[in-house]
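Okay, so here's the structure we're looking at.
The values are calculated or read from the model by the stated rules, or taken from the named source; none is laboratory data. Source: prediction; values computed, not measured. With ideal geometry, Cβ positions are generated from the backbone for all residues, glycine too; neighbour counts draw on all protein chains shown. Note: areas computed on protein heavy atoms with side chains; ligands, DNA, RNA excluded. Shrake-Rupley method; radii C 1.70, N 1.55, O 1.52, S 1.80 Å.
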Amino acid sequence: MKRIEDYGLIGDLHTSALIDRTGSIDWCCFPRFDSGACFAALLGTKEHGHWSLAPESSPIRTTRKYRDNTLILETIHETESGAIRVIDFMPPEAVPPSIVRIVEGMHGTVDVRSDLAIRFDFGRIVPWVRRVDHARLAVAGPDALCLRTPMDMHGENMTTVSEFKVNAGERVPSVLTWFPSHEALPDAVDAELVLEETESYWTEWAGSCSDFGDHQDAILRSLIVLKALTFHPTGGIVAAPTTSLPEKIGGVRNWDYRFCWLRDAAMTIVAMLRSGYSTEAESWREWLLRAVAGDPKDVQIMYGIAGERRLEEYELDWLPGFADSLPVRVGNAASKQLQLDVFGELMEAAYTWIGSGVPRSEFGWRMLLNILQWLETGWREPDAGIWEVRGPTRHFTHSKVMAWVAFDRAVRLIEEHDFDGPVERWRQVRQEIKEDVLAHGFNEQKQAYSQFYGSDELDASALLMPIVGFLPPNDARIVSTVAAIREELGVDGLLLRYLPQEDVDGLPGDEGVFLPCSFWLCEVLAMQGHIDEAHELFDRLLGLRNDLGLISEEYDPIEGHMLGNFPQAFTHLALIEAALELGGRAFHARDSLTGAPGEVVPASS
């Protein structure tokens, strides 16, 4: 059976590709993250598009790693006759975009085979393939891909095949380039030159990372993933490069994450700022200003990577899904939901980037003023919550908490950085929201903050209450909430985000543990003074990453495999925040609210 953790990521800041351990590229969308896939075997079979490059005979051993502090993937295949290294990468910001694969002979002689099956429109369209100027050209509709390699190419069952021997010291390049089908064939790419340029790009970028000591490698690998999920032309940041990787094998909770969630992107920017990166924050702020322009009541929770608003959801009935998990979805209907928490994340990002020295934008502040003006009354509305449930809208506790964050950070920006705004009115709204949550969000029987007002169900998003500064981590109600969440939502020491119920989230079946929630638990445990326990959990979570340091959205602790879209920005940014907390490097606006670590204080207002 396929396993999500078997894949590695390469990308060029426009799109990306996933490569499995055997050397098969099973997922790639050209020219953007949200384009139709030309390799869709990830969600189907090899007939839906793939590019395999590996020894003809099964290797004795295969190992892989990223070249230090880059997104250049190196896979070593050892065979009975010798060994080869396959170097896979995509040159950043290249126009036109390309996938470059270099086979290097390490010792002995190895027979190598390349199988390239291009299928446009998510595996549905078989292109016309022909030779043009020593290249193999595939065309269908607006898309064209050309393969250039010094090896002989021939056709076999609608697949372009190359078979060749590689001796020690030899290097054989293959370059697959996308371009609009109405344009002329682009110039050939010098594989060795762009390899040097790609390595220089990533090592220079990684060199700007702050020094975080023991967790430096984990933080930096996660930062590289977050950077790779950035669409450079606009500054938009996708939640993941994939669609429909299931939250339960065989289940229906399969979603398209190739879009820009305000929540995920804002939290990504906060993590990057705290790690020493500011350029990405400025680029994303400009993306944000363009995307949300208009009436504040029309602000969406997600947009396309260029700010597109129409993300209509539909199903691809010709794909059998990852491990037969249906349906395969493209687009995302959650884009039409109201999720109040995103306004809190936006203001947290604004507060963090001003505190990090990013130049202020008066136009950006005016945009936030308009949003806050709507939120003064809008916070009272029921919404779909952080998990964008497809059941009835409700008064979700976390949503109200994050509305409080929005006004808290706005007040702090005025008090600490001389922004202009109705500070007295916002102080009052902030207090009204807090009193509302304290009065209606706590379940006395469970001794915990509930999923929504009046509910007996728990939700791991309550762990964010001390992290964002709503209450101190050692407040008696937080202490009892953490204990209740661990008891009710814990699975083998990891956390579900909530107990799925069809009358709440509108979907049948269940899902795996939600990995960001377990990273939040690490943070809260550390804040409460349980340092050893927090480190133990953090180390266990790091162990769930694959051999390349990549991690997905969810995990099945029973079967021991990853679930959900991959790699997942939300999980990688939660990893970074937990690492910063454990390393004593975290900065939160909640700092003034915390008591002494380990000291339980009476419930306070």
Practice prompt. Give me the net charge of Pro508's neighbourhood, meaning all other residues with Cβ under 13 Å from the Cβ of Pro508; Lys, Arg count +1, Asp, Glu -1.
Written response: -3
Worksheet item: Can you list the HN-Hα couplings for segment 237-248, worked out from phi with the Karplus curve (6.51, -1.76, 1.60; θ = phi - 60°), rounded to whole Hz and with x for Gly and Pro?
Response: 10, 7, 6, 6, x, 10, 10, 6, 5, x, 7, 7
Response to the item:
For Ile237, the residues 5 or more places away or on another chain with a placed amide H closer than 5 Å to its own amide H are Phe231
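Taking only protein heavy atoms into account and a 1.4 Å probe, give the accessible area per residue of segment 1-50 in Å². It would help to have the intermediate numbers written out before the result.
Numbers: 1170 Å² over 50 residues.
Accessible area per residue, segment 1-50: 23 Å².
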Worksheet item: Which order do Ser16, Ser181 take when ranked by solvent-accessible area (1.4 Å probe, heavy atoms of all protein chains), largest first?
Response: Ser181, Ser16
Worksheet item: Does segment 22-89 come out rounded, prolate or oblate, given a ≥ b ≥ c as the square roots of the eigenvalues of its C-alpha gyration tensor, rounded meaning a/c under 1.5 and, failing that, prolate meaning a/b above b/c?
Response: oblate
Worksheet item: Scanning the chain for helices, which whole DSSP H stretches are 15 Å or more long along the axis (Cα) and average 1.0 or more by Kyte-Doolittle?
Response: 262-273, 515-527, 569-582
Worksheet entry | Inter-site label distance for Met106 and Asp298 at 7 Å from Cα along Cβ, in nm | 5.7
Fill in: Local electrostatic count at Gln339 - Lys and Arg +1, Asp and Glu -1, tallied over other residues with Cβ under 9 Å
-2
Worksheet item: Can you give me the relative contact order of segment 188-300 as a percent, contacts being Cα pairs under 8 Å and 6 or more apart?
Response: 21
Worksheet, complete the sentence: Taking alpha-carbon centroids only, segment 5-59 lies from segment 345-386 a number of Å equal to 38
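Of all the stretches in the chain, which is the longest one without any exposed loop site, taking chymotrypsin sites (Phe, Trp or Tyr not before Pro) in a DSSP loop (any state but H, G, I, E, B) with at most 16 other Cβ atoms within 10 Å? Could the numbers behind the result be given before it?
Numbers: sites that count: Trp318, Phe587.
For chymotrypsin sites (Phe, Trp or Tyr not before Pro) (loop position, at most 16 other Cβ atoms within 10 Å), the longest site-free span of the chain is 1-317.
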Worksheet item: What residues qualify as long-range amide H neighbours of Val513, i.e. H under 5 Å apart, gap of 5 or more or another chain, H built at 1.01 Å from N?
Response: Tyr555
Worksheet item: Which of the GluC sites (Glu not before Pro) across segment 329-375 are loop residues per DSSP, with 14 or fewer other Cβ within 10 Å?
Response: none
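Can you give the alpha-carbon Rg of the chain over 2.2 N^0.38 Å, where N counts its residues?
On the way: Rg = 24.6 Å, N = 605, 2.2 N^0.38 = 25.1 Å.
The value comes to 0.98.
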Fill in: For segment 508-550: rounded, prolate or oblate by the Cα gyration tensor [a/c cutoff 1.5]
oblate
Item to complete: Choose one of Pro91, Gly141, Trp178: the residue whose Cα lies farthest towards the positive end of the charge dipole of the chain (beta-carbon charges +1 Lys, Arg; -1 Asp, Glu; about the Cα centre).
Response: Gly141
Practice prompt. Decide, for segment 411-508, between rounded, prolate and oblate: order the square roots of the alpha carbon gyration tensor eigenvalues as a ≥ b ≥ c, take rounded if a/c falls under 1.5, and otherwise choose prolate if a/b is larger than b/c, else oblate.
Written response: prolate
Worksheet item: Glu56: net charge of surrounding residues, Cβ under 11 Å, Lys/Arg +1, Asp/Glu -1, itself excluded?
Response: -1
Fill in: Cα→Cβ-extended label distance, 7 Å offset, between Asn167 and Val252, nm
6.1
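Which value, in debye to the nearest 20, describes the size of the charge dipole of segment 39-155 about its Cα centre when Lys and Arg Cβ atoms bear +1, Asp and Glu Cβ atoms bear -1, and nothing else is charged? Mind dumping the intermediate values first?
Details: 14 positive and 15 negative charges, 37 e Å.
Roughly 180 debye for segment 39-155.
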Worksheet item: Roughly speaking, what is the stretch gain from Glu457 to Asp503, that is 0.36 nm per residue apart minus the C-alpha to C-alpha distance, in nm to one decimal?
Response: 15.4 nm
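Calculate the dipole size of segment 303-453 relative to its Cα centre from +1 charges on Lys and Arg beta carbons and -1 charges on Asp and Glu beta carbons; express the result in debye to the nearest 20. Don't skip to the answer; put the middle values down first.
Numbers: 17 positive and 24 negative charges, 30 e Å.
Computed charge dipole of segment 303-453: roughly 140 debye.
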Discussion item. Cross-link candidates for Lys248: which lysines have Cα within less than 21 Å, leaving aside residues fewer than 8 places away along the same chain?
Written reply: Lys2
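Counting only helical runs of four or more DSSP H residues, what would the 222 nm mean residue ellipticity of the chain come to if each run contributes -39,500 (n - 2.57) and the total is spread over all its residues?
Numbers: 15 runs with 190 residues, N = 605.
Value at 222 nm, helices only, nearest 500: -10000 deg cm²/dmol.
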Worksheet item: Which residue, chosen from Leu515, Leu496, Ala462, occupies the Cα position most advanced towards the positive end of the dipole of segment 376-527, where the dipole is computed from +1 (Lys, Arg) and -1 (Asp, Glu) charges on Cβ about the Cα centre?
Response: Ala462
Worksheet item: Roughly how many whole Å is it from the C-alpha centroid of segment 109-135 to that of segment 480-527?
Response: 44
Discussion item. Please list, in order along segment 156-165, the HN-Hα scalar couplings obtained from phi with the Karplus expression 6.51 cos²θ - 1.76 cosθ + 1.60 (θ = phi - 60°), rounded to whole Hz, x for Gly and Pro.
Written reply: 7, 6, 6, 10, 8, 10, 10, 10, 7, 9
Worksheet item: What is the percent of Cα-Cα separations in segment 1-130 that go past 22 Å?
Response: 36
Fill in: Where GluC sites (Glu not before Pro) fall in DSSP loop in segment 120-182, at most 15 other Cβ within 10 Å
Glu156, Glu170
Worksheet item: If the cut-off is a Cα-Cα distance under 25 Å, which lysines reach Lys297, setting aside same-chain residues fewer than 8 apart in sequence?
Response: Lys336, Lys400, Lys434
Worksheet item: So, in nm, how far is label Lys2 from label Asp324 when the simple model puts each one 7 Å beyond its Cα toward the Cβ?
Response: 1.5
Item to complete: Report, in debye and to the nearest 20, how large the dipole of the chain comes out about its Cα centre when Lys and Arg carry +1 and Asp and Glu carry -1 on their Cβ.
Response: 740
Worksheet entry | Phi-based couplings in Hz for segment 70-84 (Karplus 6.51, -1.76, 1.60; Gly and Pro marked x) | 9, 10, 8, 8, 10, 10, 9, 10, 9, 10, 5, 9, x, 9, 10
